[in-house]
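The values are calculated or read from the model by the stated rules, or taken from the named source; none is laboratory data. None of the values given here were measured: they were computed from a predicted structure. Using ideal geometry, Cβ is built from the backbone for each residue, glycine included, and neighbour counts are taken over all protein chains shown.
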Amino acid sequence: MWFSCPACEGMLIGVGPLQKLCKAAAIQNLWVRARQANQLGDRLCPECTAPMLVVTAPEGRGPPFDVDTCPRCYVIWLDRGKLEKLPGKPEREAELEKRAKERREEHERRERQERLSEISNENPPDPSLNQTLLELILELLSGWE
């Protein structure tokens, strides 16, 4: 879940989606600190309207900065340009995740094909049914003469 504010260009994003975009361990660390935080910020959570808690984001691409979090709704507010400053996934990790997803999809495709093959082998076509259908068609055609 995420929402982008057209006025300030800030972003409200769920912890799950943020972990997919950034280094998961860094976001997990941020979230642990958010659950323990007690410094109320000025921003209200757009979801539940409770005051959001201020937490310092982990060092990433630049110096640390504060973000607003809502532990109740599992969301984080990032001001304009802050998403890019969070620790990114290393290229290797992102590539491994992509390959793993492709392998899962290929495995699922093969399983579907194998199951279809099993079903067709369990229920082979009945040759006598083909003969019966052919006879019915010929009978219908001969009745039109």
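With respect to Lys82, is the statement that it is over 16 Å from Leu18 (Cβ atoms) and either at pLDDT 80 or above or of a type in the set (A, V, I, L, M) (or both) true?
Values: over 16 Å from Leu18 (Cβ atoms): no; either at pLDDT 80 or above or of a type in the set (A, V, I, L, M) (or both): yes.
Spelling it out, it is not the case that Lys82 is over 16 Å from Leu18 (Cβ atoms) and either at pLDDT 80 or above or of a type in the set (A, V, I, L, M) (or both).
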Quick one: Met11 ticks every box in (1) in contact with a Cys (Cβ under 9 Å, 6 or more places away or on another chain); (2) within 24 Å of Lys98 (Cβ to Cβ); (3) surrounded by fewer than 15 Cβ atoms within 10 Å (Cβ to Cβ) bar one, so which box is it? (3)
Within segment 9-44, restricting attention to residues that are part of a loop (DSSP other than H, G, I, E, B) and touching a Ser or Thr at 6+ places or on another chain (Cβ under 9 Å), which residue is nearest to Ile76 (Cα to Cα)? Gly10
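Taking the residues in segment 85-139 that are under 34 Å from the mean Cα position of the chain (by Cα) and not in a helix (DSSP H, G or I) as candidates, determine which candidate is modelled with the highest pLDDT. Please lay out each step first, then the result.
Going residue by residue through segment 85-139, those that are under 34 Å from the mean Cα position of the chain (by Cα) are 85-119.
In the following step, the residues that additionally are not in a helix (DSSP H, G or I) were identified as 86-90.
Working: Leu86: 82, Pro87: 78, Gly88: 75, Lys89: 63, Pro90: 58.
The qualifying residue modelled with the highest pLDDT is Leu86.
Might you check whether a residue that is in contact with a Gly (Cβ under 7 Å, 6 or more places away or on another chain) and surrounded by 13 or more Cβ atoms within 10 Å (Cβ to Cβ) occurs anywhere in segment 33-51?
Keep residues of segment 33-51 that are in contact with a Gly (Cβ under 7 Å, 6 or more places away or on another chain), which gives 51.
Those still in the list that are surrounded by 13 or more Cβ atoms within 10 Å (Cβ to Cβ) too: 51.
The answer is yes, given that some residue of segment 33-51 is in contact with a Gly (Cβ under 7 Å, 6 or more places away or on another chain) and surrounded by 13 or more Cβ atoms within 10 Å (Cβ to Cβ).
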